């Protein structure tokens, strides 16, 4: 089987069959990662450039590790230490890289739509590693893989996405994916951090009550407050946010049910999650990180067009 698209620009344009194929392929690669020898020759002779115009630790390292596990040749590009800092345009930068015969580009950019722009102008396969406040497709895929692994299914699962929905590309990609795969989704947070028309536009329910939301859901995917993307004051203080929407051990214990806690990282401990929740047995945050490598291996492999099995 093959993906219906040459690029991974977002979840919005993927079919449920595409998503299922990526998740099932990721299962195979997760088995590979449990072996003593974790490397496979699946992408030997394939050259991948990691083009990061925005700071990243987890996503960049996860992609680099996935590429190395697949035996690809990799080039790492950081805009802050490149000609981009001297005023070179995005298209010039990429065309210069492509002249070195690059097959795939993994791109993170602060401008929404930047990977889509590239996909229209260059022949290499483009993977969106996060664009502005638009999408972060591989994060949604690894979140879905982690939910499926933990609970057995995505269909019918009740998932709450809690926190700064307004500025989160992770929230948008997760909503697209979960809805396509038959899950129910509620977004929860302060009114100032939830887009006004999200219920009608994306088909989700909206809640402003954290305890009611947690009592409803099977899985809580908790997002950080993205202060760096906010150009105005949207709530009184981080301490007030923690009191109103932070998840504590005491709050979880009051539910009389056990829910799964997720977070895409980095965690602001003591703001959206208290440490005794982030480090608890209900948390699958570290499993998400581990699953990210397998999911990104699956995406790279499927977009490469290689037909040999891993």
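Counting beta carbons within 10 Å around each of 297, 1, 181 and listing the fewest first gives the order 1, 181, 297.
For the chain, the mean residue ellipticity at 222 nm estimated from helices alone is -11500 deg cm²/dmol, where every DSSP H run of n ≥ 4 contributes -39500 (n - 2.57) and the total is divided by all residues, rounded to the nearest 500. Computed from label points 7 Å out along Cα-Cβ, the spacing between residue 89 and residue 211 is 5.7 nm. Shape verdict for segment 267-310, please, from the Cα gyration tensor: rounded (a/c under 1.5), prolate (a/b greater than b/c) or oblate. Cα axes put segment 267-310 in the prolate bin. In degrees, nearest 10, range 0 to 90: what is the angle between the Cα axis of helix 285-304 and the longest Cα principal axis of the chain? Approximately 30 degrees, to the nearest 10. Contact order, relative form, for segment 137-288: 24 percent (alpha carbon pairs under 8 Å, 6 or more residues apart, mean separation divided by residue count).
When you restrict to C-alpha pairs under 8 Å that are six or more residues apart and normalise by the size of the chain, the relative contact order lands at 21 percent. Relative to the longest principal axis of the Cα atoms of the chain, helix 16-33 runs at roughly 80 degrees. Placing R0 at 22 angstrom, the Cβ-Cβ distance between residue 202 and residue 15 gives a FRET efficiency of 0.80 after rounding to 0.05. What's the angle, to the nearest 10 degrees (0 to 90), between helix 137-151's Cα axis and the longest principal axis of the chain? Helix 137-151 sits at roughly 60 degrees to that axis.
Look at the Cα gyration tensor of segment 137-288: its axes a ≥ b ≥ c give a/c under 1.5, and that counts as rounded.
Considering only DSSP beta bridges where both residues belong to the chain, give the percentage that are antiparallel (nearest 5).
Values: 1 of 36 bridges.
If we restrict to bridges inside the chain, about 5 percent are antiparallel.
Only Cα pairs under 8 Å and at least 6 apart count here; give the relative contact order of segment 240-310 as a rounded whole percent. Walk me through the numbers on the way to the answer.
Values: 47 pairs, mean separation 22.8, N = 71.
Relative CO of segment 240-310 lands at 32 percent.
Exposure proxy shown here: for 12, 101, the number of other Cβ atoms within 10 Å sets the order, fewest to most, as 101, 12.
Once you sort the root eigenvalues of the Cα gyration tensor of segment 1-79 as a ≥ b ≥ c, which label holds: rounded (a/c under 1.5), prolate (a/b larger than b/c) or oblate (the other case)? Oblate, since a/c reaches 1.5 and b/c is not below a/b.
Every number in this text was worked out from the coordinates using simple rules, so none of it is lab data. As the structure is a computational prediction, the values presented were derived from the model and not from experiment. Glycine also receives a Cβ, built like all others from the backbone with ideal geometry; neighbour counts cover every protein chain displayed.
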